[in-house]
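In what follows, a single structure is set out as structure tokens and then discussed.
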Amino acid sequence: MKWLAMLILGATIAAPVMAQEEILTRAFVVKFKKVDEVASVVNGLLGEKGAVTLQPGLRTIIVQDTEKSLRQIEMVIAAFDTPPPSVEITVKLVRATKNSTEPGVSEEIRNMARLGEVLRFNQYTLMDGGVIETQEGQNSVLLLAKDYQLRFFPDVIQEGNGIIRLKDLELRKRIQGKKKDLFTTLISVTVNLRNSETLVLGASRFEDSDQALLVILLGKIKEYQVSKIKNQISNKHKK
């Protein structure tokens, strides 16, 4: 019986033990979002033995977990840690009059808006133009025709819906003062642009004025290719 018991005991000791997955450590640098926001997302993806450590000063989070979990976390961070939505705004500053007997539109603005069909003026002259690239939540200023200043705050940029909201848009004109220059506001409004569509804003001294100042806006949302980043990461792991 003792001999039999020893055989059984020996069989028990010799039984294979399931190997545990190795715990690895990875550092992720946070480029755009807040470090604690990224860490909050990562916490929901950790395995039983996973852990995350924050290094706010270095904008880095240290993650300890299995290789499989770390791959998933890398993909999620790449999709989450993206720059704010950005937009390209093309601006034309136009002087409109109805003094001319022959209608005319300068070639530079002909393709941006059919002004003569919607406004009472019949002569349009391009004063200046420019393009400004900006991001959601970033104050933007564009100088035009030396004495004019266009300011706005893009507080909403929705790529899916094609909406660009420019809050507190102002067209201001410089007036020379004795001690310093001053600005008078000609247009003050909050507008919603549709992606790749033109919007015309006008300012005139009186409703029946023979001339007016027009601002033509064309907004284009710049796409951020998250799917491309994911594919790059996926292909990296396959190598």
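Values in this text are rule-based calculations from the coordinates and carry no lab data. As the structure is a prediction and not an experimental result, all values here were calculated from the model. Glycine gets a Cβ as well: all are built from the backbone with ideal geometry, and neighbour counts include every protein chain shown.
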Open item on the list: Largest first and in whole Å, what are the equivalent-ellipsoid semi-axes of region 157-220 based on the Cα gyration tensor, each being the root of 5 times an eigenvalue?
Closed with: 28, 16, 8
TODO: Distance between Cα centroids, region 152-214 to region 22-46: provide it in whole Å.
DONE: 41 Å
Task: Order of Leu150, Leu201, Leu182 under a 10 Å beta carbon neighbour criterion, fewest first - done: Leu182, Leu201, Leu150
Task: Label zone at Met127 (point 7 Å along Cα-to-Cβ), backbone N below 16 Å, region 83-97 - done: 91-97
Task: Phi to ³J(HN,Hα) by Karplus 6.51 cos²θ - 1.76 cosθ + 1.60 over region 139-153, Hz, x for Gly, Pro - done: 4, 10, 9, 9, 8, 9, 6, 6, 10, 10, 9, 10, 10, 6, 10
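By count of other Cβ within 10 Å, fewest leading, how are Glu170, Glu48, Glu197 ordered? List each step's numbers first, then the result.
Values: Glu170 16, Glu48 7, Glu197 12.
Final ranking by Cβ density, sparse to dense: Glu48, Glu197, Glu170.
Using the number of other C-beta atoms within 10 angstrom as an exposure proxy, rank Thr53, Thr90, Thr198 with the fewest first. Can you show the working numbers first?
Details: Thr53 12, Thr90 15, Thr198 18.
Sorted ascending by nearby Cβ count, the order is Thr53, Thr90, Thr198.
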Open item on the list: For a quick size check, give me the Cα extents of region 22-82 along its three principal axes, largest first, whole Å.
Closed with: 30, 22, 15
TODO: Report the extension gain between Glu170 and Ala27 in nm, rounded to one decimal, defined as 0.36 nm multiplied by the number of residues separating them, less their alpha carbon distance.
DONE: 47.0 nm
- [ ] Would you pull out the residues with amide H under 5 Å of Thr66's amide H, same chain only if 5 or more places away, H placed 1.01 Å from N?
- [x] Leu24, Gly47
TODO: List, in order, the whole-Hz ³J(HN,Hα) value for each residue of region 168-178 obtained from phi through the Karplus relation with A = 6.51, B = -1.76, C = 1.60 and θ = phi - 60°; use x for Gly and Pro.
DONE: 6, 6, 9, 10, 10, 10, 6, 10, 6, x, 5
